[in-house]
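In what follows, a structure is listed as structure tokens, so that the remarks can point back to it.
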Amino acid sequence: MVTGSKTTERRHKLRLELIDAGETILTRQGLDALTARAVASAVGCSVGAIYNVFEDIDGLIIAVNSRTLAKLDRKISRFVPGDACGLEPEDCLNELAIAYCQFAIEHTNAWSALFEHGERISRQIPDWHMAEHVHLVGHIVKSLQRLQPDMPDEKSRELAGLLFSAVHGVVSLGLQGFFFAVPQRKLEAQVSLLVRAALVGLRQD
């Protein structure tokens, strides 16, 4: 019984060390650098030891991305309508978008991995991890529902997805420097303008 407990403890400790190492590599070098060999080298274990804890390297990346989502949630959740926020729904939506933009700028590699990994993963993303993504979009839904209480749930979710996609697109193009990209120094202002324009259209709908 004691042996089993110690084994579980060591396994848990190794899991945390692997996630820590993966997070550091991802933050400093990007998703391409987050390989099993690089993580094993950083932790000082064999590559095989990783697969005693995670099903595959995708499992480790998902665990690292889950941490990123938790950090993003802490960054933006203070702007969700309610007693803790104290802002009008329109301002909440605006601040949510600006906070999202700021996070992407401050943690570009980790933020990018949230979307890059989904395109590369060779298996289905676990439901619990998808739920973490949906939870963040839920903050937009709450703001929209507070703004227009009579809005049907389906429409509020649809608009939330549309608004997120628009803001994410502006931020993504800006950080990658693609054509029609907004200079990084102007991203926050442009994101705010986008949200304000969307709200004008919503009020006229």
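The values are calculated or read from the model by the stated rules, or taken from the named source; none is laboratory data. All values reported here derive from a predicted model rather than from experimental measurement. Reconstructed Cβ throughout: ideal geometry from the backbone, glycine too, with neighbour counts over all protein chains shown. To get the accessible areas, we keep the full protein, side chains included, count just its heavy atoms, and leave off ligands, DNA and RNA. Shrake-Rupley method; radii C 1.70, N 1.55, O 1.52, S 1.80 Å.
In the set (1) 80, 35, 30; (2) 64, 43, 29; (3) 59, 34, 31, which value of Cα extents along the principal axes in Å was calculated from the structure you see?
(2)
For the stretch 32-81, what is the charge dipole size about the Cα centre, in debye to the nearest 20, if Lys and Arg each add +1 at the Cβ and Asp and Glu each add -1 at the Cβ? Numbers along the way, then the final one.
Details: 6 positive and 5 negative charges, 86 e Å.
Its charge dipole is roughly 420 debye.
Which value, in debye to the nearest 20, describes the size of the charge dipole of the stretch 50-143 about its Cα centre when Lys and Arg Cβ atoms bear +1, Asp and Glu Cβ atoms bear -1, and nothing else is charged?
Values: 8 positive and 14 negative charges, 39 e Å.
I would put it at about 180 debye.
Would you mind computing, in nm to one decimal, how far apart the modelled labels at Ala131 and Lys6 are, each placed 7 Å from Cα along Cα→Cβ?
3.5 nm
Karplus couplings for the stretch 115-128 from phi (6.51 cos²θ - 1.76 cosθ + 1.60, θ = phi - 60°), rounded to Hz, Gly and Pro as x?
Going residue by residue, I get 9, 5, 5, x, 7, 9, 4, 8, 9, 5, 6, x, 4, 5 Hz, with x marking Gly and Pro.
Length gain on complete extension for the stretch Asn52 to Ala38, per 0.36 nm per residue less the alpha carbon to alpha carbon distance? Spell out each step's value before the answer.
Details: separation 14, 0.36 × 14 = 5.04 nm, distance 1.65 nm.
So the chain would gain 3.4 nm between Asn52 and Ala38.
Asp150 to Ser77: FRET efficiency via 1/(1 + (r/R0)^6), r the Cβ-Cβ distance, R0 22 Å, to the nearest 0.05? Don't jump to the answer; show the numbers that get you there.
On the way: r = 25 Å, r/R0 = 1.14.
Plugging the Cβ-Cβ distance into 1/(1 + (r/R0)^6) gives 0.30.
In the full protein assembly as shown, how much of Lys71 is accessible to a 1.4 Å probe, in Å² to the nearest 10?
Approximately 80 Å² for this residue.
Can you find, among Pro149, Ser112, Tyr51, the residue sitting farthest towards the positive end of the charge dipole of the chain, where Lys and Arg contribute +1 and Asp and Glu -1 at Cβ?
Tyr51
Given the Cα-Cα distance of Leu173 and Arg203 and 0.36 nm per residue of separation, how much length would full extension add, in nm?
Working: separation 30, 0.36 × 30 = 10.80 nm, distance 2.78 nm.
So the extension gain works out to 8.0 nm.
Looking at Ile121, Gly169, Phe79, which one has the Cα that reaches farthest to the positive end of the dipole of the chain (charges on Cβ: Lys, Arg +1; Asp, Glu -1)?
Of the options given, the answer is Ile121.
Relative to the first principal axis of the alpha-carbon coordinates of the chain, what is the inclination of helix 153-176, with its axis defined by its Cα atoms, in degrees from 0 to 90 and to the nearest 10?
Result, in degrees: 70.
From the helices alone, meaning DSSP H stretches of at least four residues, give me the mean residue ellipticity at 222 nm for the chain, per-run term -39500 (n - 2.57), in deg cm²/dmol to the nearest 500.
On the way: 9 runs with 154 residues, N = 205.
Calculated at 222 nm, the ellipticity per residue is -25000 deg cm²/dmol.
Treat every Asp and Glu Cβ in the stretch 1-119 as -1 and every Lys and Arg Cβ as +1, leave all other atoms uncharged, and give the resulting dipole magnitude about the Cα centre to the nearest 20 debye. Kindly include the intermediate steps, with their values, before the conclusion.
Values: 12 positive and 17 negative charges, 163 e Å.
It works out to roughly 780 debye.
Could you give the nm distance between label points at Ser122 and Glu106, where each point is 7 Å from its Cα heading toward the beta carbon?
3.6 nm
For Lys155, give me every one of the lysines with a C-alpha distance below 30 angstrom, ignoring sequence neighbours fewer than eight places off in its own chain.
Lys71, Lys75, Lys142
With a cut-off of at most 14 other beta carbons within 10 Å, and DSSP calling the residue loop, which GluC sites (Glu not before Pro) in the stretch 107-158 qualify? Please list them.
Details: sites: Glu116, Glu119, Glu132, Glu154, Glu158; in loops: none.
Nothing satisfies the criteria.
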